[in-house]
Each structure stands twice: as C-alpha cells, then as structure tokens.
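Quick notes on the structure that follows.
The values are calculated or read from the model by the stated rules, or taken from the named source; none is laboratory data. What you see is a predicted model, and the numbers here were worked out from it, not measured in a lab. In this analysis, Cβ positions are derived from the backbone assuming ideal geometry, glycine residues included, and neighbour counts consider all displayed protein chains. Side chains are part of the model used for accessible areas, which takes the heavy atoms of the whole protein and leaves out ligands, DNA and RNA. Shrake-Rupley method; radii C 1.70, N 1.55, O 1.52, S 1.80 Å.
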Amino acid sequence: MNTLIKGGLKAIFPLCIGAFPFSFIVGAISINAGMTLMQSTFWSFTVFAGSSQMVALGLIQSSASILVIMITTFIINLRHLLYSASLSEHIKDYPMHIRALMAYGLTDEVYAATIGEVKQEKAGRHWFYLAAMMGFWMNWVFANFLGALVGSSFPEIAHYGLDFAMVAAFIAIVIPQVKSRECIVAAIVASVTGILLSGLPYSLGLVVAAITGVYAGYRMDISTERMAAQAKQDTEVQSLPAVHSEA
Amino acid sequence: MEQVHSQLDMNNFLLITLVMVLATFIIRFSVICMAGSFDMPERLKKTLRFVPVTVLPAIIAVEILGSGSNMEFNLHNPKVLAAIVCTLVSLRFNLIWVVVSGIVSLLFFQHFLC
C-alpha cells in the first residue's frame, strides 16, 4: 500500500508543478472578482476544476446569472465524460463510495497521471489513484490560497492587467489543442458566433457559440470521413486494372 | 473592468459554489456510477473533443474585443496586440510564460498606444 501511495504521489508531482501557477492565478483573480481569502480557498477546495473556475470568475465579473454559470461549467467540463467513461471500465469492482470519491477528483491532470497504472487493474490500484488525486488537490488549494493572498495584499493588482492574465491562460490552454482542420473550423465558428452574439444577456451568446462550434466540428468530421472513404474507393478503383493486367 | 473589489455576497457565493460542484461532479461521476453497464457511442466520444476548443476561443474573442456596442477590433486595441503575442509565445512555452508575456506586453502596448 505504501509503495502504491508513493507511486501515485510521484506520478502526479510534475503535473502539480505545472498546475501551481494556474491555480495561483485563479486565486489572484478570484479576489478581483470580489471573493474573500476564505471564500476563494473554500471555493477551490470544493469545486476543483481549473478552467471552469477561471471561466466562472469572468462570468461573475460580468454579472452573469447563476443559470449561465451552471450551463457554462457543465459545457466546459463535458470533456470529463470521456475520462469518466474511460476510468469506469477499470474501477467497476469498487464500491460506490470509493468510485464517487475517485470521480470527485477526476481532473485532466489526475486522469493523465493515473490512467496508465489503473488500466493494469492490479490490486489496491485505488491507493495509487487516491494518493495522486489528494496530492494534486492539496497542491491546487494551496496555490490558490497563495494567489488569493497576493491578490488581496495588492488590491491595485487589477490595474496591472490581471484580467488579461485569464485570457492569456486560456490562450495557453487552447492553442496546443487546436491542431486538426476540424478543430480550427470549430474554434473559428465558435469565436465568430460568440462575437456576433456578445450582446445577448447573461453571456448566453457563449453557450450558443459553443453549441454552434461543436456542431460545425461534427459536420467537418462527417465530411472528412466521407472524403477519406471516397479517396480510398478511388485508389481501389485505380488499382483494379493493374491487378487485372498482371493476371 | 474598473469595478474592483465589489464584494460577492455570501448567499450568492454559496449558490455559485454549490451549482459548480454539482455541475462538475455529475459529469465526472456520470459514467463511473454506471460502471461498465453501457458504452458511449463512438460518434459522441469523437464529437466531445470539440468542446474545449469552442468554449475557450469564444470566451477569448469576447474578452479581447469587448461586447455589443463597445466592440473594438483594430490594432489600436492593446488587448488584440497582447493576444497575438500570447499566441506566438504559446507555440513554444508553457502557461506561466504565456501569462507573463501577456501581462507585460499588454502594459507595454497600453503605455505606448493609449
């Protein structure tokens, strides 16, 4: 058990370093959005979802409604459905309360660091997972606390472009993900829709933009698959006579 | 943007927290609680990958350009220039450097353009 706990902590350690500045920034911005030091720390402890927290802070600052905050959080976290689906295969023998705890801390980082080990389905693998999860969680809350502390000690920090820190962080998160042609189209469609609908109340434009962008991506996938199938068919047709002539 | 330190009232804060905890947990637990008793269609899995690459760019675009009648899309908007710097930096460096270069370049452009 001890080896598993140590292994989990070791696996998550590099990701903790990576997430530290992110959480620090979330903490600093949360003070800007009107949270107290206590609120900010409690918030990170309970919500534990970086990009959603960052986005929610932007929404809180622009006085979006609770409903929009909820829908947006839901949409941003939809990718975790994939993690949930992937992990469920390997932990189905565990009792429900352990599974619930594991799900609670299922972030991008925890998934990335543990899935390799969990997949092997060795006995006691939940210790590996839980150690990684707890390590990441504590690191997350602590970094947020420090960020909030700095944010509240220097209230004028807002004048030094901290609002823009959030935008910059988003750019850093999203650029490495936008690789394929399909993703580029989806991103552009969503951005243009978002700008055109930015006048809608409660930031509803963002929700519509995301849905439109995902739909555009889906259509792109379909057409790419058709083109690939067509190309495959064409090459098969072209290679046929050659086969015949050889015979 | 200048409404710094308007306190969030406690009820509102707790409501936001509760709503976000639920929205996050429901998704993370959704399939795990059914554990293996059903398979997600391949098409849905594939389409879900578009979610982060649509939500974030839309937010970035609106944050940079402003909304409604306050929209400002030109090279005199320091945020547009700083965002270009961030994009270039993000091709090579990680999050913290993108944020630092973003803030520094924004201050620089604000100082020299405005």
Once amide hydrogens are built 1.01 Å from N within the peptide plane, the residues lying 5 or more places from residue A:200 or on another chain with amide H under 5 Å from its amide H are A:205
Ranked highest first by the average count of other Cβ atoms within 10 Å around their residues, in what order do B:96-109, A:73-86 fall? A:73-86, B:96-109
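Is the protein assembly as shown rounded, prolate or oblate when judged by the Cα gyration tensor, a ≥ b ≥ c being the square roots of its eigenvalues, rounded requiring a/c under 1.5 and prolate requiring a/b larger than b/c?
In terms of gyration-tensor shape, oblate.
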Mean per-residue count of partner chain Cβ within 10 Å for A:103-115 equals 2
Placing unit charges on C-beta atoms (Lys and Arg positive, Asp and Glu negative, everything else neutral), compute the dipole magnitude of the range A:1-177 about its Cα centre in debye, rounded to 20. 440 debye
Using the charge dipole of chain A (Lys, Arg: +1 at Cβ; Asp, Glu: -1 at Cβ; taken about the Cα centre), state which of A:143, A:97, A:75 has its Cα farthest towards the positive end. A:97
MRE, 222 nm, helices only [DSSP H, n ≥ 4, -39500 (n - 2.57), over chain A, to nearest 500]: -27000 deg cm²/dmol
Just to be sure I understand the interface: list residues from the range A:13-31 that lose 10 Å² or more of accessible area between the chain on its own and the complete protein assembly, 1.4 Å probe. A:21, A:22, A:25, A:31
What ranking, highest mean first, results for peptides A:185-193, A:8-16 when packing means the other Cβ atoms within 10 Å averaged over each residue? A:185-193, A:8-16
Measuring with a 1.4 Å probe in the full set of protein chains, what accessible area per residue, in whole Å², belongs to chain A? 45 Å²
What does the buried accessible surface come to for A and B, summed over both chains, with the probe at 1.4 Å? Round to 100 Å². 7300 Å²
Using the alpha-carbon atoms, what tilt in degrees (0 to 90, nearest 10) does helix A:2-32 show relative to the longest principal axis of chain A? 70 degrees
Please compute, for peptide A:33-39, the average count of beta-carbon atoms on other protein chains lying within 10 Å of each residue's beta-carbon. 4
Once neighbouring chains are kept in place and the probe is 1.4 Å, which whole percent of the accessible area of the protein assembly as shown is contributed by carbon and sulfur? 69 percent
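On average, how many beta carbons from a partner chain sit within 10 Å of the beta carbon of a residue in A:42-55?
4
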What order, most packed first, do the peptides A:227-239, A:138-150, A:29-41, A:171-183 have when packing is the mean number of other Cβ atoms within 10 Å of each residue? A:29-41, A:138-150, A:171-183, A:227-239
Which one of A:238, A:214, A:197 is farthest out on the positive end of the charge dipole of the range A:178-238, using unit charges on Cβ (Lys, Arg +1; Asp, Glu -1) and the Cα centre as origin? A:197
